[in-house]
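Peer 1: Below is the structure I would like to discuss, written out as structure tokens.
Taken together, the values in this text are just the output of simple stated rules run on the coordinates, not laboratory data. Remember, it's a predicted structure, so these values are computed and weren't measured experimentally. Backbone-built Cβ (ideal geometry, glycine too); neighbour counts: all protein chains shown.
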Amino acid sequence: MTYLKLEVTMEKSVVLVIGFWLLLLGNGVQSHRQDKKHQSLPRDQPYRTGYHFQPPKNWMNDPNGPMYYKGVYHLFYQYNPYAAVWGNITWAHSISYDLVNWINLDIALSPGDPFDINGCWSGSTTFLSGEKPVILYTGSDTMNRQVQNLAEPKNLSDPLLREWVKSSHNPLMSPVDGIDPKNFRDPTTAWQGPDGLWRVLVGNEMDGHGRALLYRSQDFITWSQSKEPIHSSTRTGMWECPDFYPVSIDGKNGVETSSLDKFTKHVLKASFDNSDHYVLGNYTSVTDNFLVDTDFLDNDSDLRYDYGNFYASKTFFDSGKKRRILWGWILESDNTTDDVKKGWSGLQSIPRTILLSKTGKQLIQWPLEEIEKQHTIKVSFENKELKGGSVLEVSGITASQADVEVSFSLSSLKEAELMDPSWVDPKLLCSQKTASVRSNVGPFGILVLASKDLTEQTAIFFRVFRSEDNYVVLMCSDQSRSSVEEGPQKTIYGAFIDIDPLNEKISLRSLIDHSIVESFGGEGRACITARVYPKLAIDNQAYLYAFNNGTLDVNIPTLNAWSMKNAQIVSSTKRRKPNLN
Ligand code: DQQ
């Protein structure tokens, strides 16, 4: 086909345009020529990922204390060394030179002292003067109270910071003065004000509502609680894993956590209701006043890092590349029995760079550039008309482990469906108007981890509505047909996305990795991550399609898709298991 351009020598790819009714009937359509990758045998672990971070086995949840120190990236994470379910929580430790390939080190922090005997829970790292990194983490103590503890590297000249020593001053912060001891956790990276005092936030709940307590310290050992939390909300429940950091107004570089000037705004993120919500605002360090632009509402208008499966995230400032990077925990959406059977649970997202948008009203996220080193075979085409009701196979890459970038441009927007002002919940709208519900302008998008006959498919797509004075773009990630099995959750996620389809193309990038699909709409203005467990669309039996199920034609100005090679994740030692008392 003339519009298909392969950049490496490989077998000729097959690109098919299929009537959409075939998709709905789920018929097989044409035999697929298999490339070498497609001839590999299915693995006994079809849901393990190729280029996402995950430990060799067992349970993993929140990313903790990510940092860049002497040329090395460190990731700690909540980890159960004994099983694929939550429990015995330690801080596991892995390091990397590029945030893609990893070396697993020994566990950095294990429960064992009165102040953390029941678990070393989430926390953050901070660089003290002299570039000395320290960890603040939550310990679950002998009475199951949550307290905040300090740990320091044993040997600062070891760039891998293999060993950590818990402070003899622990616990540094305890739940006194009416603080609920069961809801007092997850210290942020600390920042230093112009007065030299360190500040840190701790997640808390008061009368059922979320807040971030503020503590100050001169020496990082003795902390006093500020009378007022930095922020609270009567609209939400407990805030887990708060994060508080500046972003530059020019939207170009990341900013160090203690930076404060008139060219920055602040982000406050809190994890609640299985989602990471954030607000933007102005922070004044003299008074520690944080004035938010628009407050948390705990409804569909809240800004979220990701409108899918993404939780307990944490950012860090990468001083090497002057960028702020976001990591999030991607939960399984199968059940515990499945996790125990497969022997592992939990992924980390691909690290994302995070910047303020040009409008100043939201954050923009994008997979970090290093992930592009995993690209191998590429297929691409340009200026392809996608007729209303058609499906186009994109072949020639390993569709189960891929990076896809596509844009769509539209002509007849005047005929878009009228937006009903009562349609305020994008998730609900996506579940009512699924990929098989036709309108004039959309749905159009891609089908990933799809079986050949399309019985299994995860649809990531857009739909455009017309309202009185503008257009509304809806982005959906529909897992309802992602597996023929009944077991896994098949949630349909949705987000409204701030795009003017009259003047710009609607772009989508999806990182596909066996059981995870991370999608970035409108160049990172809305992100939706999904976990899927196909039974048929596994390894060489997974296919990728572009589709347009609207009645009007849609143009694809460009599509680029790459096979992704595996990240190298190796263990430097046989991880020692901590002794349990
Ligand atoms: N996970 C940790 C807690 C945190 C929660 C325990 C969020 O510190 O609040 O594993 O997923």
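Peer 1: Where nothing but the Cβ of Lys and Arg (+1) and of Asp and Glu (-1) is charged, how large is the charge dipole of region 295-446 around its Cα centre, in debye to the nearest 20? Present the calculation step by step, with values, prior to reporting the outcome.
Peer 2: Values: 19 positive and 22 negative charges, 97 e Å.
That gives a dipole near 460 debye.
Peer 1: Starting from the Cα of H169, step 7 Å along the direction of its Cβ; do the same at D498; then give the gap between the two resulting points in nm.
Peer 2: Distance between the two pseudo-spin positions: 4.1 nm.
Peer 1: Another question about this same structure. Fully extended, how many nm does the chain gain between D195 and T551 (0.36 nm per residue separation, minus their Cα-Cα distance)? Walk me through the numbers before you get to the answer.
Peer 2: On the way: separation 356, 0.36 × 356 = 128.16 nm, distance 6.26 nm.
Result: 121.9 nm gained on full extension.
Peer 1: A further question follows. Taking R0 as 25 Å, what FRET efficiency do you get between V176 and N289 from their Cβ-Cβ distance, rounded to the nearest 0.05? Write out the running numbers ahead of the final one.
Peer 2: Working: r = 25 Å, r/R0 = 0.99.
Working from the Cβ atoms, E equals 0.50.
Peer 1: Filter K265/K358; K373/K505; K70/K154; K154/K321 down to the pairs with a C-alpha to C-alpha distance above 21 Å, please.
Peer 2: Numbers: K265/K358 13 Å; K373/K505 26 Å; K70/K154 16 Å; K154/K321 27 Å.
Beyond 21 Å between Cα atoms: K373/K505; K154/K321.
Peer 1: Let me ask you something else. Based on other C-beta atoms within 10 Å, arrange F220, F316 from fewest to most. Show your work: numbers first, answer last.
Peer 2: Working: F220 21, F316 26.
Arranged by neighbour count, lowest to highest, F220, F316 become F220, F316.
Peer 1: Taking the simple approach of a point 7 Å from Cα along Cα-to-Cβ for both N155 and N470, what is their distance in nm?
Peer 2: Going by the 7 Å Cα→Cβ label model, 5.8 nm.
Peer 1: Name the lysines eligible as straight-distance cross-link partners of K342: C-alpha to C-alpha under 17 Å, and not fewer than 8 places from it in the same chain.
Peer 2: Counting by Cα, and skipping residues close in sequence, K342 has these lysines nearby: K57, K535.
Peer 1: Can you tell which of S483, L502, F461 lies farthest toward the positive end of the dipole of region 436-502, using +1 and -1 charges on the Cβ of basic and acidic side chains (Lys, Arg; Asp, Glu)?
Peer 2: Working it through, the farthest residue towards the positive pole turns out to be S483.
Peer 1: At 7 Å along Cα-to-Cβ for each site, give me the label-to-label distance between K535 and S224 in nm.
Peer 2: 6.4 nm
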